[in-house]
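The values are calculated or read from the model by the stated rules, or taken from the named source; none is laboratory data. Nothing here was measured: the structure is a model prediction, and the numbers come from that model. Reconstructed Cβ throughout: ideal geometry from the backbone, glycine too, with neighbour counts over all protein chains shown. The area values use the complete protein model at the heavy-atom level, side chains included, leaving out ligands, DNA and RNA. Shrake-Rupley method; radii C 1.70, N 1.55, O 1.52, S 1.80 Å.
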Amino acid sequence: LNIIDRVALNNNHQNQGGYGNYNGYNNNHGYNNNYSGYQNSNNYYIPVMDERDFIALCATIENTSFDSDRLVIAKQALANNYVTSEQVLEILNLFSFESNKLDLAKYAYKSTIDKERYFIVNNAFSFSSSKRELNEYISRF
């Protein structure tokens, strides 16, 4: 879904309220979403940026004129949130310049909860050199 479709879905979303999925507490702030969390191989629950915040982040990035400013906003959000590989891909697709996409893809890797799916991030790049550089970066982890 693109950002406009997500906003429309979010506006039609029913508030679920009450208790949610994580140890009896509502981990998704009263509404249901696809990004509420991730359970890793050690059965440890990792909260992921929820749908509402993700939509707000994408809208903020889209409403920012310059790629360099978009990069600052994205890094600010990723510094304090966990995301999925698919969310990273969606964010990268909001950027115009390959160099900024690559910079952010490297930065986002540490905040990504499903690193085994990070290969999909390669779809954001036009140049094989960018894909190669990202994969070399990832291989050092």
Of everything in segment 106-115 that's under 15 Å from Ala77 (Cα atoms) and assigned to a helix (DSSP H, G or I), which residue is most open to solvent (accessible area, probe 1.4 Å)? Tyr107
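Could we say that Asp5 is surrounded by fewer than 16 Cβ atoms within 10 Å (Cβ to Cβ), assigned to a helix (DSSP H, G or I), over 12 Å from the mean Cα position of the chain (by Cα) and at pLDDT below 65 here?
Values: surrounded by fewer than 16 Cβ atoms within 10 Å (Cβ to Cβ): yes; assigned to a helix (DSSP H, G or I): yes; over 12 Å from the mean Cα position of the chain (by Cα): yes; at pLDDT below 65: yes.
Here the answer is yes, as Asp5 does meet what is asked.
Within segment 59-91, work out how many residues are closer than 20 Å to Ser139 by Cβ and either buried (at least 21 other Cβ atoms within 10 Å of the Cβ) or of a type in the set (Gly, Ala, Ser) (or both).
Looking only at segment 59-91, we keep the residues that are closer than 20 Å to Ser139 by Cβ, and these are 85, 88-89.
Still in the running and either buried (at least 21 other Cβ atoms within 10 Å of the Cβ) or of a type in the set (Gly, Ala, Ser) (or both): 85, 88.
Looking only at that region, the number is 2.
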Residue count, segment 66-93 (criterion: in contact (Cβ under 8 Å) with a residue 40 or more places away in the chain and part of a loop (DSSP other than H, G, I, E, B)): 2
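Among what's in segment 116-141 and is of a type in the set (Lys, Arg) and at pLDDT 95 or above, pick the residue that is surrounded by the most Cβ atoms within 10 Å (Cβ to Cβ). First the steps, then the outcome.
Going residue by residue through segment 116-141, those that are of a type in the set (Lys, Arg) are 117, 131-132, 140.
If we keep only those that are at pLDDT 95 or above too, we end up with 117, 131-132.
Numbers: Arg117: 14, Lys131: 18, Arg132: 12.
The residue in question is Lys131.
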Pairs please, first residue from segment 47-64 and closer than 16 Å to Glu86 by Cα and assigned to a loop (DSSP other than H, G, I, E, B), second anywhere and aromatic (Phe, Trp, Tyr) and open to solvent by less than 50 Å² (accessible area, probe 1.4 Å), Cβ atoms under 7 Å, 6+ apart in sequence or on different chains. Val48/Tyr35; Met49/Tyr35; Asp50/Tyr35
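For segment 92-105, how many residues meet the condition of being surrounded by 14 or more Cβ atoms within 10 Å (Cβ to Cβ) and either closer than 18 Å to Asp50 by Cβ or not hydrophobic (A, V, I, L, M, F, W, C) (or both)?
Pass one, segment 92-105, residues surrounded by 14 or more Cβ atoms within 10 Å (Cβ to Cβ): 92, 94-95, 98, 100-105.
Pick out the ones that are also either closer than 18 Å to Asp50 by Cβ or not hydrophobic (A, V, I, L, M, F, W, C) (or both) and you get 98, 100-101, 103.
Count: 4.
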